[in-house]
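First up is the structure itself, then whatever we jot down about it.
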Amino acid sequence: MAKAVFKIKYDDDDLRHKVKNFDEVVDQMLEQIVQYHAARGQAEMKLSAPWTDRTSAARNGLYTVVEKGGKGEYTIIFSHTVNYGIWLEVKFSGRDAVIMPTIQKIGVGLMDDIRRRI
């Protein structure tokens, strides 16, 4: 009668190392997701700004910046560089607003990506 012998060698050093560094890995992944969506938000604002350009200064001046707070804490700032950008956002009860609609649109994708990957 044939006899089968199985040996399993288990070394948990690799697992312990990965668990120890898990929060850094998650933070790096989160930063990449936030940076990606900030860039998407900037492009989206420039493409979908509803006003008619006269000088293109307002459209070209739309930008986003990512600021990092503590571990896992990120802020995306959506802004104008032109001094009259605020009036584009609030005049006619926000008819020409581009920042808040973009935040709402990008925010959904950002949160979906975070839920899927983390």
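Going 7 Å from the Cα of Val26 in the Cα-to-Cβ direction, what parts of the range 78-118 have a backbone nitrogen less than 18 Å from that spot?
The answer is 111-118, whose backbone nitrogens lie closer than 18 Å to the label point.
May I ask you to give the percent of accessible area on the chain that is carbon plus sulfur, with a probe radius of 1.4 Å?
After summing per-atom areas, the C and S share lands at 56 percent.
Restrict the search to the range 60-118; then list the trypsin sites (Lys or Arg not before Pro) that DSSP places in a loop and that have at most 12 other Cβ atoms within 10 Å of their Cβ.
Those that pass, being in a loop and sparsely packed, are Lys71, Arg95.
Are there chymotrypsin sites (Phe, Trp or Tyr not before Pro) in the range 65-96 that DSSP puts in a loop and that have at most 14 other Cβ atoms within 10 Å, and which ones? Spell out each step's value before the answer.
Values: sites: Tyr74, Phe78, Tyr84, Trp87, Phe92; in loops: Tyr84.
Those that pass, being in a loop and sparsely packed, are Tyr84.
Ignoring everything but the protein chains, give the 1.4 Å probe accessible area of Asp96 in square angstrom, nearest 10.
Taking all protein chains as shown, Asp96 has close to 10 Å².
Do the sum for the chain: with -39,500 (n - 2.57) for every DSSP H run of n ≥ 4, divided by all residues, what is the mean residue ellipticity at 222 nm, to the nearest 500 deg cm²/dmol?
-18500 deg cm²/dmol, from helical runs alone.
Binned at 10 Å from 0, what are the whole-percent values of the Cα-Cα distance distribution for the range 1-64, short to long?
17, 22, 16, 14, 12, 9, 6, 4, 1, 0
Might you tell me the accessible area per residue for the chain, computed with a 1.4 Å probe and given in Å²?
That works out to 75 Å² for each residue.
With a cap of 15 neighbouring Cβ atoms within 10 Å, and only residues DSSP puts in a loop, list the GluC sites (Glu not before Pro) found in the range 1-91.
Here the sparse-neighbourhood loop sites are Glu73.
How large is the Kirkwood hydrodynamic radius of the chain, in angstrom, based on all distinct alpha carbon pairs?
Details: mean 1/r = 0.0574 Å⁻¹.
Over the chain, the inverse of the mean reciprocal pair distance is 17.4 Å.
The values are calculated or read from the model by the stated rules, or taken from the named source; none is laboratory data. Because the structure is predicted, anything quoted here is derived from the model rather than measured. With ideal geometry, Cβ positions are generated from the backbone for all residues, glycine too; neighbour counts draw on all protein chains shown. Quick note on the areas: whole protein, heavy atoms, side chains included, nothing else; ligands and nucleic acids left out. Shrake-Rupley method; radii C 1.70, N 1.55, O 1.52, S 1.80 Å.
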